Structures are given as C-alpha cells and as structure tokens.
1. Output the strands (runs of 3 or more DSSP E) that fall wholly within segment 1-54 and possess 2 or more residues being within 25 Å of residue 202 (Cβ to Cβ), or say none.
2. Taking only pairs six or more apart or across chains, which ones have beta-carbon atoms under 9 Å, a first residue in segment 119-145 that is on the phi > 0 side of the Ramachandran plot and surrounded by fewer than 15 Cβ atoms within 10 Å (Cβ to Cβ), and a second residue that is outside any helix (DSSP H, G or I) and at pLDDT 95 or above?
3. What are the residues in segment 27-42 that are surrounded by fewer than 21 Cβ atoms within 10 Å (Cβ to Cβ) and more than 18 Å from the chain's Cα centre (by Cα), if any?
4. Would it be correct to say that residue 157 is modelled with pLDDT of 95 or more, within 20 Å of residue 29 (Cβ to Cβ), under 13 Å from the mean Cα position of the chain (by Cα) and surrounded by fewer than 22 Cβ atoms within 10 Å (Cβ to Cβ)?
5. Of all residues in segment 175-195, which are farther than 18 Å from residue 255 by Cβ and either surrounded by 22 or more Cβ atoms within 10 Å (Cβ to Cβ) or within 18 Å of the chain's Cα centre (by Cα) (or both)?
6. Which numbered condition in (1) in contact (Cβ under 8 Å) with a residue 60 or more places away in the chain; (2) buried (at least 16 other Cβ atoms within 10 Å of the Cβ) is the only one that residue 52 fails?
7. Is it the case that segment 120-133 has a residue that's within 16 Å of residue 248 (Cβ to Cβ), over 13 Å from the mean Cα position of the chain (by Cα) and part of a strand (DSSP E or B)?
8. Output the number of the condition that residue 114 fails; it satisfies all remaining conditions of (1) touching a strand residue (DSSP E or B) at 6+ places or on another chain (Cβ under 7 Å); (2) in contact (Cβ under 8 Å) with a residue 24 or more places away in the chain; (3) exposed (fewer than 14 other Cβ atoms within 10 Å of the Cβ).
C-alpha cells in the first residue's frame with residue numbers, strides 16, 4: 001500500500017479514525033486528525049505548540065475554549081449538504097472542550113505557531129464559496145480559512161467534485177519556496193464519497209517521477225501530498241468531498257500548473 005495513503009481506523013477510546021502528525025507523515029508542518037463522537041460524548045483537545053482549527057464536518061456541538069463558549073454550532077447532517085461548515089480556530093496553549101450534541105464528525109487541523117491570533121469562531125458566512133472550472137472540470141469550493149481568515153500557517157478549504165468530474169486539475173503543485181512564482185506547502189486530502197461505498201482516484205507525481213503514484217481512495221481515507229502534482233478524478237455515479245489542509249514556511253497559496261497540461265486552462 002502507498003505510504004501516501006492513510007486509511008481510517010476504528011475509533012477507539014481516543015475517538016480518532018485518522019491521526020496524522022508531522023512525524024508520521026515525515027514532514028514539518030501539517031497535523032491532521034478526524035474525530036467521531038456520539039451524542040453526549042466529550043473530547044478535550046490541547047493545542048500545545050500549534051494553532052488548531054476544528055472543522056465541524058457534520059453534526060452539532062458546543063465548543064468551549066479557555067476564553068469563550070460557542071454553543072450549538074454545526075448545521076450539516078453530511079458534508080454533501082451543499083452548505084459551508086462551522087469551525088473554531090485556537091492559538092497555541094489553549095484547551096478546547098468539544099461536547100457533541102448529536103453524532104459528530106470533527107477534523108482537527110494543526111500547524112506550528114507562535115500565538116499571534118486569538119480564538120475565533122468561523123461561521124458559514126465567513127467562508128467563501130465559489131464554483132471553479134467548466135465542463136467536467138467544474139467543482140464547488142468552500143474556503144474555510146484561506147485569505148478570508150487570519151492564521152499563522154494554516155490554509156483550509158473544502159471541495160465537492162461532482163460525479164464524473166475532475167478537480168485539483170489541471171495538475172498543479174506547490175512544493176518550491178519561490179514566492180511570488182510558487183510557494184511550498186504540505187497538504188492533506190481527507191476524502192469522503194457519496195454514496196460512501198464509492199471510490200475515486202488521486203495521482204501524486206513529481207516532474208522527475210521520483211514520486212509517481214495513483215491511489216484508489218475510499219470513504220474517510222487521506223492522501224498526503226509532501227510534494228508534486230496531485231489531481232483527483234471522480235467516477236460516474238459518485239460525488240466526492242475532500243477537506244484540504246495546507247501549511248508551510250509561509251502562509252501563501254501560490255501553485256504551479258504542470259506545463260504539459262497547462263493548455264487546458266490557457267489554450
């Protein structure tokens with residue numbers, strides 16, 4: 001199995017089905033966890049030396065920090081509901097208590113930080129939604145924490161790829177610290193399928209093909225992208241959701257299209 005492909009595990013006492021650290025991914029910046037809670041479950045999360053964004057993928061919760069209480073947040077039964085999520089941003093050295101009011105799926109997105117920004121509730125109205133591309137390259141974007149919300153390193157967005165469509169396409173990369181031409185960002189893709197028995201494909205490859213893998217992704221699995229291009233294709237009959245988490249030396253998303261395929265958007 002590809003070392004870039006992380007399959008979900010059964011939720012144990014820690015309630016996590018995905019737990020990716022910089023050490024386990026063999027990189028520097030992105031940490032990513034997915035937590036599944038039942039109604040009335042409580043989870044306490046310490047941000048330690050990271051900034052953390054808790055994205056409520058589905059369900060409703062109360063989230064308490066050392067400074068604030070955010071009551072009854074979250075309004076999606078599914079990531080495919082067609083609406084943007086709620087999220088809570090917290091700086092280092094904070095403790096978050098998540099109380100599930102319903103069955104709850106939460107993504108915990110982390111990156112090293114100094115503590116420059118305060119706790120913040122990110123509402124669906126704070127998210128920036130758009131449709132990008134055309135034809136079978138059309139996809140729906142929900143920017144949760146891109147340039148619409150301040151953070152030190154984290155960049156977070158959701159994408160819905162319709163049945164039979166492509167996204168992160170034409171293939172692009174962001175693995176070279178050469179601003180303003182390109183930025184260096186690690187990235188995770190957390191995939192969900194509708195219906196959930198479906199599958200999709202993600203290729204990760206570099207110019208020199210030192211990485212060249214095509215991965216069959218299934219419901220609740222993650223693809224880690226340490227470098228290289230990383231397009232995604234969704235088969236007929238299924239729609240694909242993914243949550244992207246990026247972080248790197250500088251908080252700028254500047255990508256470079258594969259020159260072999262750039263003609264698709266620059267005819």
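1. Ranges flagged: 16-20, 31-37.
2. Cβ pairs passing all conditions: 135/165.
3. 38, 39, 40, 41, 42, listed by residue number.
4. So residue 157 passes the test.
5. Those that are farther than 18 Å from residue 255 by Cβ and either surrounded by 22 or more Cβ atoms within 10 Å (Cβ to Cβ) or within 18 Å of the chain's Cα centre (by Cα) (or both): 190, 191, 192, 193, 194.
6. (1)
7. Looking through segment 120-133, none of the residues is within 16 Å of residue 248 (Cβ to Cβ), over 13 Å from the mean Cα position of the chain (by Cα) and part of a strand (DSSP E or B).
8. The one condition residue 114 does not meet is (1).
The values are calculated or read from the model by the stated rules, or taken from the named source; none is laboratory data. No experiment lies behind these values; they were computed from the predicted model shown. Note: ideal-geometry Cβ built from the backbone for every residue, glycine included; neighbour counts use all protein chains shown.
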